[in-house]
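Here the structure comes first, spelled out in structure tokens, and everything after it is commentary.
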Amino acid sequence: MKKKVIDIYSPKEKKEEGVRLKTDKTVNVIKKRPFGGWTYLLLFVFLFFLGYIYYIFYNTEVVVYPFVENYQIAKDVLLRTTGSLKEEEIRGVVFAEKVSETREFPIEGRRTVEKKAEGEIEVCQEYKDTQMNFLEGTRFVSDSGEFFLAKKPFVLPGKDDNGGCSLVEVIAAEPGEDYNISADSEFVLPGLKGTALYGEVKGISFNLKEEGMLKEVPFLDDETMNRAELQMKEDLLEKGISLLKEKYEEDYFLQYDSQYILEVAERTFQEEETEEDDTFLFQLEADIKVMTVGKESVEDFIKSALPESHTWRKETEDILLTFSRINFFEGEADIFLQFSADIYADIDTESIRREVVGLDFETAKEKIKEKRGVENVEIKTKPFGLSRIASSKEKIKVVLEFK
């Protein structure tokens, strides 16, 4: 007869190895363990990292609101370009540029041009065998009625000597184109009328040397020249002002035309006009000068007039300079200076950074408000959460703001 054996297990073995059933089979159970050391270590590292990040990015912004008041200045100032400066004087400067222009202008003047025709008349005589003498001013009349006068005495040879002919220089009695007569014109000598020589002494041809003229032509008179120069000066002044402003306006006061002077260096114009000209060329070269003062010099002057250790908000400033007298020869100008701006006492932001390191907000505010010119203080931190100034000066930012 077989003997029945029953195995007995301890409770510890049951937990670790499972429970053995009567069928001699073992059922595995899930092992449950409490949190181990690695879990706590990871949690510690995570919290340390968060703290480090918070420390790295933690910073403080201190906003200081200065006490502000409006301040105005209105006073006469002497601008001086040379010599030492006295009280209520400011250093000025003169800039110069060369400008030139050539322009064509209409000739508006008119004048009458009178010119007598001149030429030679071939005069012959068929009356005497001997020469005949005639005086200067002997008159000749053409077959079309124009009078000419001998320009100097002349001699006619005998009729058998050179055909009794001679060339006589003549000039018309009056100016005009009517005396520009043809070469085949014939002439009589009215002074011989009533004598046997009349008709025997005559001109048989005409050689025109200088044409006669009587007409109105353009004339470049002084009035036209002066008007042209005045217009050129205005144009050059405008051109020069634009040139100077382009170069210096950023740093100097150049707003008034009275600050500029134009000095003509050279004039060039068409000296002689022809009958066909109705325009002339005019060239003008000049030096343009401006007397002015630098914006930095004006600011330094204003600073010296402000209450001690004060400055002004640039965005509120209004500076106006009025030039009432300018003397380029003496290098002086009278200026009326007007200034208006919001001013505030100088605040040393660097010293504030040093003094508030690590302080709580309320203590820091009281300490800052003790300084001159501080009206109010606000403190902000990033990230949020603490009410204490950063412990490092490099993490503190001090800014000035104005209401």
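The values are calculated or read from the model by the stated rules, or taken from the named source; none is laboratory data. Everything numeric here is computed off the predicted structure, so don't read it as measured data. In this analysis, Cβ positions are derived from the backbone assuming ideal geometry, glycine residues included, and neighbour counts consider all displayed protein chains.
Report every pair of residues separated by at least 6 positions or lying on different chains whose Cβ atoms are under 7 Å apart, first residue within segment 349-376 and on the phi < 0 side of the Ramachandran plot and outside any helix (DSSP H, G or I), second surrounded by fewer than 14 Cβ atoms within 10 Å (Cβ to Cβ) and among the basic types (Lys, Arg).
Listed by first residue and then by second, the contacts come to nothing, as the list is empty.
Looking only at residues that are surrounded by 13 or more Cβ atoms within 10 Å (Cβ to Cβ) and out of contact with any helix residue (DSSP H, G or I) (no Cβ under 9 Å at 6 or more places or on another chain) in segment 191-205, which one is farthest from Thr279 (Cα to Cα)?
Leu197
At positive phi and either at pLDDT below 95 or touching a Lys or Arg at 6+ places or on another chain (Cβ under 8 Å) (or both) - does that describe any residue in segment 179-192?
no
Residue-wise test of (1) under 60 Å from the mean Cα position of the chain (by Cα); (2) closer than 21 Å to Phe280 by Cβ.
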site	(1), (2)
Phe187	no, no
Pro190	no, no
Leu208	no, no
Thr224	yes, yes
Asp235	yes, yes
Tyr248	yes, no
Asp251	yes, no
Tyr256	yes, no
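If I filter segment 323-379 down to residues being modelled with pLDDT of 90 or more, surrounded by 14 or more Cβ atoms within 10 Å (Cβ to Cβ) and among the aromatic types (Phe, Trp, Tyr), which single residue comes out as nearest to Lys75 (Cα to Cα)?
Phe339
Select, from Leu243, Leu237, Leu214, Leu208, the only residue that is surrounded by fewer than 18 Cβ atoms within 10 Å (Cβ to Cβ) and free of Cβ contacts under 8 Å to residues at least 60 places away in the same chain.
Leu237
With (1) surrounded by 13 or more Cβ atoms within 10 Å (Cβ to Cβ); (2) part of a strand (DSSP E or B); (3) touching an Asp or Glu at 6+ places or on another chain (Cβ under 7 Å) as the list, and Ser185 as the residue in question, which single condition is left unmet?
(2)
Need the failing condition index for Tyr260 against (1) assigned by TED's automatic domain parsing to the domain that holds Lys159; (2) out of contact with any Phe, Trp or Tyr (no Cβ under 8 Å at 6 or more places or on another chain); (3) surrounded by 15 or more Cβ atoms within 10 Å (Cβ to Cβ), just the number.
Of the numbered conditions (1) assigned by TED's automatic domain parsing to the domain that holds Lys159; (2) out of contact with any Phe, Trp or Tyr (no Cβ under 8 Å at 6 or more places or on another chain); (3) surrounded by 15 or more Cβ atoms within 10 Å (Cβ to Cβ), the odd one out for Tyr260 is (1).
In a loop (DSSP other than H, G, I, E, B) and either within 11 Å of Phe206 (Cα to Cα) or in the same structural domain as Gly212 (by TED's automatic domain parsing) (or both): is that true of Asp178 in this structure?
Criteria not met by Asp178.
Within segment 205-221, identify whether any single residue is touching an Asp or Glu at 6+ places or on another chain (Cβ under 9 Å), among the aromatic types (Phe, Trp, Tyr) and closer than 17 Å to Lys116 by Cβ, and answer yes or no.
Checked against the condition, which is being touching an Asp or Glu at 6+ places or on another chain (Cβ under 9 Å), among the aromatic types (Phe, Trp, Tyr) and closer than 17 Å to Lys116 by Cβ, segment 205-221 yields at least one hit.
All but one of (1) farther than 24 Å from Ser182 by Cα; (2) in a loop (DSSP other than H, G, I, E, B) hold for Val155, so report the exception by its number.
(2)
In segment 377-403, which residue that is among the aliphatic types (A, V, I, L, M) and part of a strand (DSSP E or B) is nearest to Glu315 (Cα to Cα)?
Leu400
Find all pairs meeting these conditions: Cβ atoms under 6 angstrom apart; at least six residues apart or on different chains; first residue within segment 128-143 and farther than 17 Å from Glu118 by Cβ and without any contact (Cβ under 8 Å) to a residue 40 or more places away in the chain; second residue of a type outside the set (Phe, Trp, Tyr) and part of a strand (DSSP E or B).
Gln131/Val155; Asn133/Val155
If the requirement is being aliphatic (A, V, I, L, M), within 30 Å of Phe154 (Cβ to Cβ) and modelled with pLDDT of 90 or more, which of these qualifies: Ile302, Ile288, Ile204, Ile241?
One residue alone meets the criteria, Ile204.
Go through (1) under 26 Å from Asp76 (Cβ atoms); (2) exposed (fewer than 14 other Cβ atoms within 10 Å of the Cβ) for His310 and report which single condition fails.
Just one mismatch for His310, condition (2).
Name every residue in segment 310-330 that is assigned to a loop (DSSP other than H, G, I, E, B), in contact with a strand residue (DSSP E or B) (Cβ under 6 Å, 6 or more places away or on another chain) and either without any contact (Cβ under 8 Å) to a residue 60 or more places away in the chain or among the charged types (D, E, K, R) (or both), in order of residue number.
If the condition is that a residue be assigned to a loop (DSSP other than H, G, I, E, B), in contact with a strand residue (DSSP E or B) (Cβ under 6 Å, 6 or more places away or on another chain) and either without any contact (Cβ under 8 Å) to a residue 60 or more places away in the chain or among the charged types (D, E, K, R) (or both), then Arg313, Glu317 are the ones that fit.
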